[in-house]
1. Provide the FRET efficiency to the nearest 0.05 for the residue 90-residue 17 pair, computing r from the beta carbons and using R0 = 41 Å.
2. Applying 1/(1 + (r/R0)^6) with R0 = 25 Å to the Cβ-Cβ distance of residue 61 and residue 37, what FRET efficiency is obtained, to the nearest 0.05?
3. If we sort 7-16, 154-163, 29-38 on the protection proxy, mean other Cβ atoms within 10 Å, highest first, what's the order?
4. To the nearest 0.05, what FRET efficiency results for residue 151 and residue 5 with a Förster distance of 41 Å applied to their C-beta separation?
5. Measure nothing fancy, just the Cα-based angle from helix 47-57's long axis to the longest principal axis of the chain, in degrees from 0 to 90, nearest 10.
6. Which label marks the calculated value of Rg and Dmax of the Cα atoms in Å, given the options (i) 19.9, 76; (ii) 15.9, 59; (iii) 26.6, 101?
7. Between the helical axis of 81-91 and the dominant principal axis of the chain, each derived from Cα atoms, what acute angle in degrees is found, rounded to the nearest 10?
8. Select from 83, 67, 40 the residue whose mean-square fluctuation is largest in a Gaussian network model of the chain (Cα-Cα springs shorter than 10 Å).
């Protein structure tokens, strides 16, 4: 008679633990562009040009991988470090890595809704990609976007920028 109660208690404990993990995990997920601000800005015909000019004004040159973060270094930024390394390795000497803090460029704060974010400018100063590194729980269980970003950065001929505003993951 005791054995069924033990199994029942164990099953209740396991289900409770899984439910708690699921609730906690859902709280860690957030939208990259929750208010649609970036999505709305990208509808302007000169969005790419204006963003590139803003970055050039901040001494960010053509052929740059721009890692956008914050001065406070939120937890989600530490999770993007492997993605940053992968991008630098795969794009090699063709691109220079640059880190900027969102607080240092007020105009960029109006554009980028969350961090960590990534901006890729090719060697001809075209915007190739703007968006997150990855999606999913902690940005490591979901979809790693590094391979896609590499293909966007090296795609020839240039077909326009890819703006990834529709993502859910670990963002601050």
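Nothing in this text is a laboratory measurement; each read-out follows from the coordinates by a stated rule. Just so it is clear, the model here is predicted, and its values are computed rather than measured. Note: ideal-geometry Cβ built from the backbone for every residue, glycine included; neighbour counts use all protein chains shown.
1. Numbers: r = 39 Å, r/R0 = 0.94.
For residue 90 and residue 17, the calculated efficiency is 0.60.
2. Numbers: r = 27 Å, r/R0 = 1.07.
That pair, residue 61 with residue 37, gives E of 0.40.
3. Working: 7-16: 10.0, 154-163: 12.6, 29-38: 15.9.
In descending order of packing, they fall as 29-38, 154-163, 7-16.
4. Values: r = 57 Å, r/R0 = 1.38.
FRET efficiency, residue 151 to residue 5: 0.10.
5. Orientation of helix 47-57: about 80 degrees from the principal axis.
6. Correct label is (i).
7. Tilt of helix 81-91: around 40 degrees.
8. For the chain, modelled as a Gaussian network with Cα springs under 10 Å, the answer is 40.
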